[in-house]
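Input: a single structure, listed below in structure tokens.
The values are calculated or read from the model by the stated rules, or taken from the named source; none is laboratory data. If you're wondering where the values come from, they're calculated on a predicted model, not measured in any experiment. Because the Cβ atoms are built from the backbone with ideal geometry, glycine has one as well, and the counts that use them run over all protein chains shown. Ligands, DNA and RNA are excluded from the accessible area calculation, which covers all protein heavy atoms including side chains. Shrake-Rupley method; radii C 1.70, N 1.55, O 1.52, S 1.80 Å.
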Amino acid sequence: MCLDGQSRPTGAATRSRCLDGQSYTDSMPSPPQPHSNEPRSIAVLGYSSCALAGTCWGTGFYFGKIALTQLSVGHMVLYRFLFACLGLLPLARLVRFSRKDWFLVLLTAFLGIPLQFMIQFYGLSLTTVSHASLMVGTMPVILAVGATIFTHERLDRKGWLALIGSTVGV
């Protein structure tokens, strides 16, 4: 019933407006309200995903050391990237590059990550898992200090607190 006292037709899904602009609903369920916990659940999912990714990344040195007992450094890196390429192969048709761009992509693909992994796992073959993890874990701090000294970049308070937290985590 409207505020002006007039009744309107009823039905299971009737929604209308009264003469005075007020809306009314007869027997119609209200639309679902957004959950107040939704932003919190998304944040928990994000933090959990980061923790899981960090845990998986952290086991790389441990499993790398185990793999080095059976494989050479070159073979380990080769197999690692061959399996990764198999997973990415279906996406190769989606990307269109010119001949010059393909040359640059392949050059950087070889000199970038695979070369870095070759050096990293060769170093792992010469030391312990804990030493390798400690050295890689301190890289963000070393990079931030180097950027401050050599390129005069400035970190704000949050940045320095994050670096202190990562150092404590190492």
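The table below lists the values:
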| item | result |
| --- | --- |
| Trypsin sites (Lys or Arg not before Pro) lying in DSSP loop within segment 77-111, provided at most 16 other Cβ fall within 10 Å | Arg96 |
| Segment 92-154 shape via C-alpha gyration tensor axes, a/c threshold 1.5 | oblate |
| Residues of segment 63-170: accessible area per residue with a 1.4 Å probe, Å² | 79 Å² |
| Tensor-based shape of segment 41-127 (alpha-carbon gyration tensor, a/c under 1.5 rounded, otherwise prolate or oblate) | oblate |
| Karplus 3J(HN,Hα) series, Hz, for segment 127-138 with 6.51 cos²θ - 1.76 cosθ + 1.60 (x for Gly, Pro) | 9, 8, 5, 5, 5, 5, 5, 5, 5, 6, x, 8 |
| Whole-Hz ³J(HN,Hα) from phi, Karplus 6.51 cos²θ - 1.76 cosθ + 1.60, for segment 63-77, glycine and proline x | 5, x, 5, 5, 5, 5, 6, 10, 10, 7, 4, x, 5, 5, 5 |
| Cα shape, segment 119-170, gyration tensor, a/c 1.5 rule | oblate |
